[in-house]
Amino acid sequence: MPRTSTAQPTDEHILSLMRDVRSMERGLKLLMDKYQEPLYRHLRAMVHSHDDANDLLQNCFIKAYQCIGQFEGKSKLYTWLYRIAANEAITFLRGQKRRAADSMDDNANASICQALKADEPLDAANIEALLQSAMQTLPDKQKQVFVLRYYDEMPYEEMSKVLGTSVGALKASYHHAVKKIENFLER
Amino acid sequence: MDNAKEIYEELERLSPVIARLKVVHEPPAAPKTYFADMQAEVLRKCQSQQTVPRFKFLFNCAERLHLWWYSGIVRPVLALAALALLVMAGLWWRQYWEVAPSMPLAAQLSEEEVLYYIEVNADNFDTQLLLSLLPANESMLHLTLGLDEPRTQDLMDAILKSLDTENLKELY
């Protein structure tokens, strides 16, 4: 669920604005205000690079703007937006040929892994990079499941709607992903 | 958040190491002014692409007309259509009410047809009028009796033969 602190416009209000030609840009603005942070967090976790996440987030909102008429209201608006974002991310990852970890060298990974084993205080700044390195070992779909659960803290039921996969399959996929990352950290 | 707690407990069961990471893990944040810039960029792209949203309600005629109206296309089109309609109506009105040049009925008939008509309807004509219209040397009897000339001659002969001396005296 999106983490919202102040009073946010309801999804119905945003939709009604976006479905009116005269107010659709205002509706889009409200939509971005409400969902930009969780979607950015998701995309950033998926692609790691801020620039790539920025491109995907913009595409995501432009597609939402173009296709809002196709949103039938059967699911929640944020579920629909997550689905767009998830598709954008998967498409991007499939197009990305390089699969190697790109932000940390092996020495840095090794030092964090050593700290984990020794139960020493962890350097918070590097944990993200370490996780990103570990996630590079996951298949795209499994990585998506891990990001939705670990980063976005999404219930399995919502994940099922976003990814179109059964809850049971998602649980299995998440468990596998966690085990693979753990193996990566303990190697 | 219950959901977050539940997810953390699940993670702790699966992998205490990763759960330990999650406690101190801070996902990367966006740069300070990023979202404002991103919004401006998205709005600019939407406007520059002149993206037509694929709304279902666009298939509603009223909404479509509404959109066209505001797009500035429909007004000149409607004005042209109204003008064309007025011109067509004017042409039709003129054609409908225009009096066709009158043509005398007699002018459309051949001479034989006219004579036949006069013969058949001789009783309806004024004798003096007929006499004034026909050539002076033309025998008028067949017209006044409604018979053709040979039959009129035969009739005249029969009448003359049937007349006795007394009748002739009366006549002359």
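The values are calculated or read from the model by the stated rules, or taken from the named source; none is laboratory data. For clarity, every value in this text was computed on a predicted model and none was experimentally measured. Note that each Cβ is placed from the backbone with ideal geometry, even for glycine, and that neighbours are counted across all protein chains shown. Calculation scope for accessible area: heavy atoms of the full protein, side chains included, ligands and nucleic acids excluded. Shrake-Rupley method; radii C 1.70, N 1.55, O 1.52, S 1.80 Å.
Can you give me the number of residues within the range A:129-146 that are more than 13 Å from chain B (Cβ to nearest Cβ), in contact (Cβ under 8 Å) with a residue 40 or more places away in the chain and farther than 15 Å from residue A:86 by Cβ?
Result for the range A:129-146: 1.
Given the residues A:44, A:26, which is the only one that is within 24 Å of residue A:163 (Cα to Cα), assigned to a helix (DSSP H, G or I) and open to solvent by 10 Å² or more (accessible area, probe 1.4 Å)? Working first, answer last.
Values: A:26 fails: within 24 Å of residue A:163 (Cα to Cα).
When all the criteria are applied, what remains is A:44.
Starting from the range B:11-22, take each residue that is in contact (Cβ under 8 Å) with a residue 12 or more places away in the chain and more than 7 Å from every other protein chain (Cβ to nearest Cβ) and list its partners that are assigned to a loop (DSSP other than H, G, I, E, B) and not hydrophobic (A, V, I, L, M, F, W, C), counting only C-beta distances under 9 angstrom and pairs at least six apart or across chains.
Close Cβ pairs (under 9 Å, with a partner that is assigned to a loop (DSSP other than H, G, I, E, B) and not hydrophobic (A, V, I, L, M, F, W, C)) do not exist here.
For the range A:65-76, state whether one or more residues are surrounded by 20 or more Cβ atoms within 10 Å (Cβ to Cβ) and closer than 18 Å to residue A:144 by Cβ.
Checked the range A:65-76: no residue is surrounded by 20 or more Cβ atoms within 10 Å (Cβ to Cβ) and closer than 18 Å to residue A:144 by Cβ.
Residues in the range A:53-93 that are of a type in the set (S, T, N, Q) and part of a loop (DSSP other than H, G, I, E, B): how many?
Number satisfying all stated conditions: 1.
Please go through the range A:161-187 and give me each residue that is out of contact with any Ser or Thr (no Cβ under 8 Å at 6 or more places or on another chain) and surrounded by fewer than 18 Cβ atoms within 10 Å (Cβ to Cβ), ordered by number.
A:164, A:168, A:169, A:171, A:172, A:175, A:176, A:183, A:186, A:187
Taking the conditions exactly as written (closer than 17 Å to residue A:49 by Cβ, at pLDDT below 90, open to solvent by 10 Å² or more (accessible area, probe 1.4 Å) and not in a helix (DSSP H, G or I)), does residue A:98 satisfy them or not?
yes
Residues checked against (1) modelled with pLDDT of 75 or more; (2) surrounded by 11 or more Cβ atoms within 10 Å (Cβ to Cβ); (3) not in a helix (DSSP H, G or I):
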| residue | (1), (2), (3) |
| --- | --- |
| B:85 | yes, no, no |
| B:92 | yes, no, no |
| B:100 | no, no, yes |
| B:103 | no, no, yes |
| B:106 | no, no, no |
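Residues A:67, A:60: which one is closer than 18 Å to residue A:89 by Cβ and more than 7 Å from chain B (Cβ to nearest Cβ)?
A:60
Check the range A:23-31 and report whether any residue there is modelled with pLDDT of 90 or more, under 21 Å from residue A:143 (Cα atoms) and not aromatic (Phe, Trp, Tyr).
Scanning the range A:23-31 turns up no residue that is modelled with pLDDT of 90 or more, under 21 Å from residue A:143 (Cα atoms) and not aromatic (Phe, Trp, Tyr).
Which one is modelled with the highest pLDDT among residues in the range B:32-48 that are surrounded by fewer than 16 Cβ atoms within 10 Å (Cβ to Cβ) and facing chain A (nearest Cβ under 7 Å)?
Checked the range B:32-48; the qualifying residue modelled with the highest pLDDT is B:41.
Checking residue A:92 against (1) at pLDDT 80 or above; (2) more than 9 Å from chain B (Cβ to nearest Cβ); (3) over 19 Å from residue A:144 (Cα atoms), which single condition isn't satisfied?
Single failed check for residue A:92: (3).
Determine which single condition residue A:37 fails, assuming it passes every other condition in (1) at pLDDT 90 or above; (2) more than 14 Å from chain B (Cβ to nearest Cβ); (3) open to solvent by 50 Å² or more (accessible area, probe 1.4 Å).
Among (1) at pLDDT 90 or above; (2) more than 14 Å from chain B (Cβ to nearest Cβ); (3) open to solvent by 50 Å² or more (accessible area, probe 1.4 Å), residue A:37 violates only (2).
Go through the range A:147-172 and count every residue that is more than 17 Å from residue A:87 (Cβ to Cβ) and part of a helix (DSSP H, G or I). Let's see the steps before the verdict.
Applying the first criterion (more than 17 Å from residue A:87 (Cβ to Cβ)) to the range A:147-172 yields A:149-151, A:153, A:155-157, A:166-169, A:171-172.
Now narrow it down to the ones that are part of a helix (DSSP H, G or I): A:149-151, A:156-157, A:167-169, A:171-172.
Count: 10.
Among the residues in the range A:5-19, are any in contact with a helix residue (DSSP H, G or I) (Cβ under 7 Å, 6 or more places away or on another chain), within 10 Å of another protein chain (Cβ to nearest Cβ) and open to solvent by less than 10 Å² (accessible area, probe 1.4 Å)?
Yes.
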